[in-house]
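Taken together, the values in this text are just the output of simple stated rules run on the coordinates, not laboratory data. Computed from a predicted structure; not experimentally measured. Because the Cβ atoms are built from the backbone with ideal geometry, glycine has one as well, and the counts that use them run over all protein chains shown.
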Amino acid sequence: MDLAAGVAAALAAAGDAFGSAPAAVPEPRWGALLTELDPAADEDYAACIELVYEGYLLHYRESRAVALPAEDLESRLLAGDVFYARGVRGVAARGDAEAVGLLARLMAACSYLRAAGSSFAADDALWAYTMAGLAALHSGADPASVSALFDDVEAGFHAAPPGDVPAAVAGAAARLTLTDAAPLRRELQAVAGG
C-alpha cells in the first residue's frame, strides 16, 4: 500500500462514525514531509501523523476526512479529538514518548495561536518544524534541544501580538541535524510565500 492509500484508509476508519467522507481522496501533508525527512518513518507512522493533523483540521480548518457542517462545532470538536487521540495512540504504541511530547507541544501552541488570531502560516511553520524535529529525534537528537523552539514560542505568548513564529521556526530549523534539510526548507519557503 502506498502512503496516500494508507493515509486515506486510516482517515476513513477514524471518520466512519462521523458520517460520509468527502469524495476526493485526501493527500498526505505532514506525514509525507516526515517520510521525506526521515527515511526510517514508515507508512503507518506517517498515517498516525496524518490522524493528528486531521484532528487539528477538524478543530481549526477544513476536514479532509469527514463532511461535517462548519456550524456543528460540537461534532467537529469531538471528531477532532477522536482523530488526534488515534494518531497519538499510534505514536505512543511505538514507545516514542519524545514524539508524543513534541506533538502535544505542537497542538498546545497551535491552540494558543488560533485563540490569538495569528495567521495559519504560523501553525504551518510549526507543523513543518515538528516533522523535522521528529526526524531529528529519530536520528538521536537531544529532545530538549528539539523542543526548545516551543519554549521560545510559548514565551512569546505573553506578548501582544505573539512573536514572529515563522521567523523563530526558521532559526530553530537551521539548528536541527537532518540528513537532507531540503524538504524542510521547501515547506518553510511555501509557508513564507503563502
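What the table below lists for this structure:
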| item | result |
| --- | --- |
| Label-point gap, in nm, between Asp164 and Ser145 - each point 7 angstrom along Cα→Cβ | 2.5 |
| Sites excluded, GluC sites (Glu not before Pro) in DSSP loops with at most 15 other C-beta within 10 Å, longest stretch of the chain | 72-194 |
| Reciprocal mean inverse distance between Cα atoms of the range 1-149 - Kirkwood radius, Å | 15.4 |
| ³J(HN,Hα) computed for each position of the range 148-154 - Karplus, 6.51 cos²θ - 1.76 cosθ + 1.60, integer Hz, glycine/proline x | 4, 4, 5, 4, 5, 5, 5 |
| Trypsin sites (Lys or Arg not before Pro) restricted to DSSP loop in the range 116-194 with at most 14 other C-beta within 10 Å | Arg175 |
| Theoretical gain in end-to-end length, Arg175 to Val100 [0.36 nm per residue, Cα-Cα removed] | 24.9 nm |
| Positive dipole terminus of the chain, leading residue within Ala13, Ala115, Leu77 (C-beta point charges) | Ala115 |
| Extension gain from Ser75 to Arg185, taking 0.36 nm per residue of separation minus the Cα-Cα distance | 36.0 nm |
